[in-house]
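Each remark here refers to the structure printed beneath this line.
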Amino acid sequence: MKLLKTLGLATALTLATGGVMAQSDDPLSVGFIYVGPIGDFGWSYQHEQGRLAIEEHFGDAVETTYIESVPEGDSERVIRRMAQDGTDLIFTTSFGYMTPTLRVAGQFPETMFEHATGYQRADNVSVYSGRFYEGRTVQGILAGHMTESNVIGYIASFPIPEVIRGINAAYLAAKSVNPDVEFKIVWVSTWFDPAKEADAANALIEQGADVIMQHTDSTAPMTIAEATWDNLGEDETGIYAFGQASDMLEFGPNARLSSIIDNWNPYYIERVQAVMDGTWESADSWHGIGQGTTTIGAFNINIPEDVAAEAQAALDAIAAGELHPFTGPVNKQDGSVWLAEGETADDGTLLGMNFYVEGIEGAIPN
Amino acid sequence: MIRLEPRLTPSRAMVWGTPALAVLATMIAGGILFAMLGKNPMEAIWTIFVDPILDPYSRDELFVKAAPLVLIAIGLSYGFRAGVWNIGAEGQFIVGAIAGSAVGLAFYGTEAIWLLPLMALAGMVAGTLWAMIPAFLKVRFNANEILVSLMLVYVADQLLRAMVAGPLRNPAGFNFPESRLFHDSAVLPLLQGFPGLTEYTRVHVGVLIALLLVPLAWLLLRKHLLGFNIQVMGSAPRAARFSGVKPAMIIYVCLGLSGAMAGLAGLFEVAGPAGQLVPALPQGYGFTAIIVAFLGRLNPLGILAAGLVMALTYIGGENAQLDLGLPRAAISVFQGMLLFFLLGLDILVRYRVRFGKRGAAQ
């Protein structure tokens, strides 16, 4: 009877034998903490796909658990609870889990932690993220070509380096193929709020944007864009958008130009394998298109062939390491030189990026 | 025909019996829900309601989670008794956290025992001042305090975002919108080594203070003239006025008191479990506390019990997700049921159910 576990006896037993279990034939336990619901079809959904990939790859050799919609401000208890349960490897998949993860990790030195998108490590805490901005370059090329109004709308979440990097990369790419392009950016101060994201999309469309990019997790902007494709006249086109974090094709069969898909599966499988082999070490992984962490969804069939070919060429060049999305000459918004001719941005600057490149209007909210 | 007939005086047994009955009904309806999801209902109910009490780690967390709810709910209960509806405790919670953090960060690195009391004072003053806005508008212009206090929650939330992205941002934090971690003197001491608590407990001094305030609040309500005036004001405003109670004074006192308590709860949260000011700090405690206040019958002792029950559903709900794989949405429905049954059963406190036609029944 499982009720025995509830008497707290088993909790103590698990704790006492936790170390031994890892070496025995018992399955490796892997836990996941998600900031949104697994049904968001965006950020948390993709991490959940990674968990399922682990289960499929390792079968009975692993045992996985997860908790969804864990508020960042109240996550320490949940992370601790997972560690107490004897979980061997815990993935905390949102930036706001950084401090709580480090605190719990300090108290459970035998447990291994992997924190997504943070910048602080410990002996038993790795950090990992994706070079999503590489995908923004591909999107920017498509958007720059496909816009007719030359206004591209961008729904941004929080003014943190990761988001600003994406805006800059998309703008530079769009500008390179369409010098008249203009970006309108709306900050919604949330990662997942379908209502707010929908409002932002509508506001951008009213301001003349005909291509929408988003750095938020819900499918609401895609749904709004798709709705503009109903009842179109001859030769008219609706609003275009891009899938974010997951493919989102089913939400915008007409509107979706392409997508940036976070593919955590290879990284998650690699890290679980490392624990099993006893080779797990605290690391800082920042993988992009080349390593398969950032993947690009299929291009919309309405994209002209030459445009698709150009975007594909950029994609291939980035994957091969021949093209860096931030290659000089690039000036900062204030006109000062950031990258000289042929110079590429170093990771340190990218990780702390807090400025727009020249040509983007408006100020980063402060 | 089923009719509802008002009772002359609500039955005392029913007043206290319905919360227990609501919990019981929630267990039954929730059990059916869990069974439909293919889970063992007994096991699910056990995991949510009993496990957290038996497991020492979860027990600690119950207190951590309940403390802000109890603090805020006690403050709110005075106003609710007097007919002063402060719905914006969440906003007062936020400004309390901001003000307290600002003080803590201004003295960053200063090791001193006066720092935490100063932060607590700042939190309470900020919460009080924030609550004075609806109080003043109510007294001066008869503006609806429900709307004003609620709207100020959103203002406070934006203020928090502006603060962590601006003046209070961690200078070494890569531009991420959050403050630096408070230094030791600005963090509430943990009650480590307290009998009954675990080694890595997160129970902090603020929890102890919240517990101590419960009997004080009860004394203020039952033994002090102010408590009496508040109750008279709520049940018989005209009588209160004849006996010399100034409505304006009661409005200021009730809103100020609840603002101070919410501000203190905010400070305890930021200087306790969080240890830094983050935009994700507000968890809706200020709103949940409204439920807690009514679940506890606006009585400090009842509120303590209600706060613990509410915390139980949160922590038990998390355990149920982990241990049984119950979806988060099912847990939310379960929590909603509790409120639904409480409100539904409250009808039975104030009304009698009659069957048949009016004439026939008499």
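The residue among A:Pro100, A:Gly153, A:Tyr66 whose Cα reaches farthest toward the positive pole of the charge dipole of the range A:61-199, with charges on the beta-carbon of Lys, Arg, Asp and Glu, is A:Gly153. Positive-end ranking of A:Val163, A:Tyr119, A:Tyr267 along the dipole of chain A, with charges on Cβ about the Cα centre, is headed by A:Tyr119.
Ignoring aspartates and glutamates fewer than eight residues from A:Lys196 along the same chain, the ones with Cα atoms less than 18 angstrom from its Cα are A:Asp40, A:Glu206, A:Asp217, A:Glu226, B:Asp157.
Computed about the Cα centre, the dipole magnitude for the range B:63-325 is approximately 1080 debye when only Lys and Arg (+1) and Asp and Glu (-1) carry charge, each at its Cβ. Candidate membrane-span-like segments in chain B, meaning DSSP H helices with Cα atoms spread over at least 20 Å of their own axis and a Kyte-Doolittle mean of -0.5 or above, are B:12-36, B:56-82, B:89-106, B:115-141, B:145-165, B:205-223, B:247-269, B:300-324, B:328-350, with no membrane implied. Paramagnetic label reach from A:Asp277 (point 7 Å along Cα→Cβ; backbone nitrogen cut-off under 16 Å): within the range A:23-60, residues A:58.
Could you give the dipole magnitude of chain A about its Cα centre, charging the beta-carbon of Lys and Arg +1 and that of Asp and Glu -1, in debye to the nearest 20? List each step's numbers first, then the result.
Numbers: 17 positive and 52 negative charges, 250 e Å.
For chain A, the charge dipole is close to 1200 debye.
Exposed loop sites here mean GluC sites (Glu not before Pro) with a DSSP loop assignment and at most 12 other beta-carbon atoms within 10 Å; chain A contains its longest site-free run at A:1-109.
If the only charges are +1 at each Lys and Arg Cβ and -1 at each Asp and Glu Cβ, what is the size of the charge dipole of the protein assembly as shown around the Cα centre, to the nearest 20 debye? Show your work: numbers first, answer last.
Numbers: 42 positive and 69 negative charges, 1235 e Å.
So the magnitude is around 5940 debye.
Straight-line cross-link partners of A:Lys175 among the aspartates and glutamates, defined as a Cα under 15 Å from its Cα and at least 8 positions apart when in the same chain: A:Glu148, A:Glu310, A:Glu358, A:Glu361.
Phi angles of the range A:291-299 translate, via the Karplus equation with coefficients 6.51, -1.76, 1.60 and θ = phi - 60°, into HN-Hα couplings of 8, x, 6, 9, 10, 10, x, 3, 7 Hz per residue; Gly and Pro are given as x.
Hey, what's the per residue convex hull volume over the C-alpha atoms of the range A:67-122, in cubic angstrom? Mind showing how you got there, number by number?
Numbers: hull volume 3.8 nm³, N = 56.
Measuring per residue, one finds 68 Å³ for the Cα hull of the range A:67-122.
Toward the positive end of the charge dipole of the range B:1-133, with +1 on the Cβ of Lys and Arg and -1 on the Cβ of Asp and Glu, the farthest Cα among B:Ala82, B:Ala122, B:Ile45 is that of B:Ala82.
Estimated purely from DSSP H runs of n ≥ 4, each contributing -39500 (n - 2.57), the mean residue ellipticity at 222 nm for chain B is -23500 deg cm²/dmol once divided by its residues. Within the listed set A:Gly144, A:Gly243, A:Gly292, the residue fluctuating most in the Gaussian network model of chain A (springs between alpha-carbon atoms under 10 angstrom) is A:Gly292.
For the cross-link pairs B:Lys223/B:Lys246; B:Lys65/B:Lys138; B:Lys39/B:Lys65, the ones whose C-alpha atoms lie over 21 Å apart are B:Lys65/B:Lys138; B:Lys39/B:Lys65. Taking chain A as the reference, fit the longest principal axis to its C-alpha atoms, fit the long axis of helix A:194-206 to the helix C-alpha atoms, and give the angle between the two in degrees, 0 to 90, nearest 10. Value to nearest ten degrees: 10.
Quick one: pull the percentage of alpha-carbon pairs in the protein assembly as shown with a separation above 35 Å. Value for the protein assembly as shown: 51 percent of Cα pairs lie more than 35 Å apart.
Only the coordinates and a few stated rules stand behind these numbers; no lab work does. Computed from a predicted model, the values in this text were never measured in an experiment. Neighbour counts run over all protein chains shown; Cβ positions are idealised from the backbone, glycine included.
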